[in-house]
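Please read the structure below before turning to the comments.
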Amino acid sequence: METVVSGIRSTGHLHLGNYFGAIRNFIQMQHEHQCYFFIADLHALTTHPKPEDFRQSVRKVLVEYLAAGLDPEACTLYIQSDLPQIPELYLLLNMYAYVGELERCTSFKEKIRKHPDNINAGLLTYPVLMAADIIIHKATKVPVGKDQEQHLEMARNFVNRFNHLYQTEYFPEPHAYNFGKELVKVPGLDGSGKMGKSEGEGNAIFLVDEPEVIRKKVMRAVTDTGPGNPGQEMSEPVANLFNLLSLVSTKDTVDYFKEQHDKAIIRYGDLKKQLAEDIIMFTAPIREKVREISANDDYLEQVIALGGLKARESAARTLKEVRAIIGFTN
Ligand code: TRP
């Protein structure tokens, strides 16, 4: 059993790509490992959100992750800012993080290029805060995508520097982790790439999209000029639609349309209608849960209180030991 930590960014709605990717990963892991999942609200402050938007976005992610299947009994689910130990460890870790390496970080360079008017120190030290999130529970595994690999590498550097400086093996090295089986890649509706990758409005199906919206998006999905000749290979946009269909439909349905395609008699309109209805059916229970949970403030408060309690227990233990290692007098 490993200790797993992952931070959830509080931006945007969850889409089908998240559902078959990161969330599935979380849901499986929560039963097999000691998992700490948190909403990274402190990280979100780098962009200076308005208090009301900030509050709403944290609530929205919490509701959607719960609706998608995160189980607050199986994992420890909390809000980052509910752990005062994280900013304390972050301050301490800043002493072992060099300005040069922080400035060389790809995500920092990208942010200063995109937002030259808001190059704040919080952005620069984003990887230090992320390292604090992880090692506050002495985690060894971090389920994140490729884009976070460099941040994890920096976390390992801070850990090793700390351990070396104090001649201890206190912190284990955290490594990226994805649940065993290959993650399902979910294509978007714009004919190429990954769902959620392009900003385009209709590319992603959000779990909270109403049936009408789902129908509209699917009917507008990119296909090609026609089925071509019998036995002809599928174009990428059409293969993407089949890919989506295989995630939400029965095998019989997929086989039926495959056959239609291979005989070159397929009507993309029919395929899309079926796909839309099956996505609607597939996502309906999640939408229902979103409605149920968002109407239940008591439940949400309870979840957050319990998660915070469990997480603070682990965090306080680590910090106490770290303070002793550094030499604070208590
Ligand atoms: N940086 C991560 C992201 O952008 C979010 C995050 C913050 C995180 N703290 C973390 C992920 C700790 C894993 C562990 O997605």
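The condition (being closer than 28 Å to Phe171 by Cβ, of a type outside the set (Lys, Arg), modelled with pLDDT of 95 or more and crowded, with 17+ Cβ neighbours inside 10 Å) is satisfied by just one residue among Leu45, Leu83: Leu83. Residues in region 26-36 include none that are at pLDDT below 95, at positive phi and surrounded by fewer than 21 Cβ atoms within 10 Å (Cβ to Cβ). Those helices (runs of 4 or more DSSP H) of region 227-330 in which 3 or more residues are modelled with pLDDT of 95 or more and surrounded by 19 or more Cβ atoms within 10 Å (Cβ to Cβ) occupy 236-248, 268-294, 297-326. Ala74 falls short on exactly one of the conditions (1) open to solvent by less than 50 Å² (accessible area, probe 1.4 Å); (2) out of contact with any helix residue (DSSP H, G or I) (no Cβ under 6 Å at 6 or more places or on another chain); (3) assigned to a helix (DSSP H, G or I); (4) more than 16 Å from the ligand (Cβ to nearest atom), and that condition is (3).
To keep it simple, each residue is scored yes or no on (1) surrounded by fewer than 16 Cβ atoms within 10 Å (Cβ to Cβ); (2) among the acidic types (Asp, Glu).
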site: Tyr65; (1), (2): no, no
site: Gly100; (1), (2): yes, no
site: Glu110; (1), (2): yes, yes
site: Pro116; (1), (2): yes, no
site: Lys141; (1), (2): no, no
site: Gly145; (1), (2): yes, no
site: His151; (1), (2): no, no
site: His164; (1), (2): yes, no
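Of the residues contained in region 181-200, none is found to be assigned to a helix (DSSP H, G or I), of a type outside the set (Gly, Ala, Ser) and touching a helix residue (DSSP H, G or I) at 6+ places or on another chain (Cβ under 7 Å). In region 152-163, the residues that are touching a residue at least 12 places away in the same chain (Cβ under 8 Å) and more than 15 Å from the ligand (Cβ to nearest atom) never reach a residue that is of a type in the set (Lys, Arg) and in a helix (DSSP H, G or I) with C-beta atoms less than 6 angstrom apart, at least six apart or across chains. Within the option set Val222, Val213, being open to solvent by 50 Å² or more (accessible area, probe 1.4 Å) and outside any loop (DSSP other than H, G, I, E, B) holds for one residue only, Val213. The listed residues are Gly21, Gly17, Gly100, and the only one of them that is more than 12 Å from the ligand (Cβ to nearest atom), part of a helix (DSSP H, G or I), over 29 Å from Lys320 (Cβ atoms) and more than 18 Å from the chain's Cα centre (by Cα) turns out to be Gly100.
The values are calculated or read from the model by the stated rules, or taken from the named source; none is laboratory data. Being a predicted model, the structure only gives us computed values, none of them experimental. Counting neighbours? That spans all protein chains shown, and the Cβs are built from the backbone with ideal geometry, glycine included. For the accessible areas, the whole protein counts, side chains as well, though only heavy atoms, and no ligand, DNA or RNA atoms are used. Shrake-Rupley method; radii C 1.70, N 1.55, O 1.52, S 1.80 Å.
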